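**Student:** Below is the structure I would like to discuss, written out as structure tokens.
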Amino acid sequence: MRSDARLRTVAGNELWVGALTAVTALGASFLSSRGASRAALAQARTTTISQALAQERDRRRAAYRDLMTCVHSFMAICWRLREVDEAPDHRTKLSLMTQIHERMGQSVSEITRATREVLLDGPADVAVAAEQVRLAALRTQRQFESLARGDDPELRRTYDQVYGNFRDQHVAFIELARNALETKPGK
């Protein structure tokens, strides 16, 4: 009998050891799968954030380029003032000034459109700089209109100053836009 009792005790202990081993294995499996699930979720979040940032940077780059293209077109129109300076007579000068002024209006409209895109895509400091470029273009256009109506050397000096301010605003925008597009470690 003793051996039967001993066998039952050994069998009972083995049963308990087996049960504890099974429960431990199930717990470890649960914890392992939970950890893997969290790691996969973290990886998915990181990938989603990275893709969203890349899309945002691409949208901004496109908006900034569009504005810079419009600004360049406006500048190309302004550069035609040299043709006015070299015109052989007053009538030719007036004709060129009228053409330039009309093209300036269309170009400023394009700058305004492109600025609205930058205002939407930001960031705020770049949006403010884009608006400053737009306002400087409007001032340049208005000053050109004054220049076209008169033949005073002071009007030309004022126009040159206003145009210089426009260029400065454009350079400031470019710098801020470049900084906004830079990829910084840890971001």
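**Student:** Treating the chain as a set of equal point scatterers at the Cα positions, no solvent, please give the Debye-formula log₁₀ I(q)/I(0) at q = 0.11 Å⁻¹.
**Tutor:** Rounded to two decimals, the profile gives -0.66.
**Student:** Just to confirm, what accessible area per residue do you get for the chain at 1.4 Å probe, in whole Å²?
**Tutor:** With all protein chains present, the chain gives 67 Å² per residue.
**Student:** Here is a follow-up. Would you please calculate the Kirkwood hydrodynamic radius of region 85-181 over all C-alpha pairs and express it in Å, rounded to one decimal?
**Tutor:** For region 85-181, the Kirkwood estimate is 14.5 Å.
**Student:** Could you tell me the center-to-center distance, by alpha carbons, between region 43-103 and region 121-166 in angstrom?
**Tutor:** Using only Cα atoms to place each centre, the spacing works out to 14 Å.
**Student:** So, one more: Can you give me the % of accessible surface on the chain that is carbon or sulfur? Probe 1.4 Å, all protein chains present, nothing else counted.
**Tutor:** 56 percent
**Student:** Further, regarding this structure: Could you list the square roots of 5 times each eigenvalue of the Cα gyration tensor of region 126-171, that is, the equivalent ellipsoid semi-axes, sorted largest first and rounded to whole Å?
**Tutor:** On the way: eigenvalues 106, 19, 4 Å².
For region 126-171, the ellipsoid semi-axes come out as 23, 10, 4 Å.
**Student:** Using only DSSP helix segments of four residues or longer, with each worth -39500 (n - 2.57), what per-residue ellipticity at 222 nm results for the chain after dividing by its residue count and rounding to 500?
**Tutor:** Helices in the chain give a 222 nm mean residue ellipticity of -33000 deg cm²/dmol.
**Student:** Sticking with this structure for a sec: Mean projection of the alpha-carbon convex hull of region 42-131 over all orientations, in nm²?
**Tutor:** 6.7 nm²
**Student:** Still on this model: Pick from Gly122, Gly164, Gly35 the residue whose mean-square fluctuation is largest in a GNM of the chain, springs joining Cα atoms under 10 Å.
**Tutor:** It is Gly35.
**Student:** Quick one: if you stick a label point 7 Å off each Cα along the C-beta vector at Ser73 and Asp85, how many nm between them?
**Tutor:** Distance between label points: 2.6 nm.
**Student:** Could you tell me the ratio Rg/Rh of region 53-96? Both radii from Cα atoms, Rh via Kirkwood.
**Tutor:** 1.40
**Student:** Which parts of region 64-98 would a label at Asp160 reach, counting a residue when its backbone N lies under 16 Å from a point 7 Å out along Cα-to-Cβ?
**Tutor:** Only 79-86 fall inside the zone, counting backbone N under 16 Å.
**Student:** Gaussian network model of the chain, Cα springs within a sub-10 Å range: biggest mean-square fluctuation belongs to which of Ala54, Ala28, Ala148?
**Tutor:** Result: Ala28 has the largest fluctuation of those listed.
**Student:** Starting from the Cα of Ala52, step 7 Å along the direction of its Cβ; do the same at Leu119; then give the gap between the two resulting points in nm.
**Tutor:** That separation, rounded to one decimal, is 2.5 nm.
The values are calculated or read from the model by the stated rules, or taken from the named source; none is laboratory data. Source: prediction; values computed, not measured. Cβ sites come from the backbone with ideal geometry, for glycine too, and all protein chains shown count toward neighbours. What goes into the accessible areas is simple: the full protein's heavy atoms, side chains included, and nothing from ligands, DNA or RNA. Shrake-Rupley method; radii C 1.70, N 1.55, O 1.52, S 1.80 Å.
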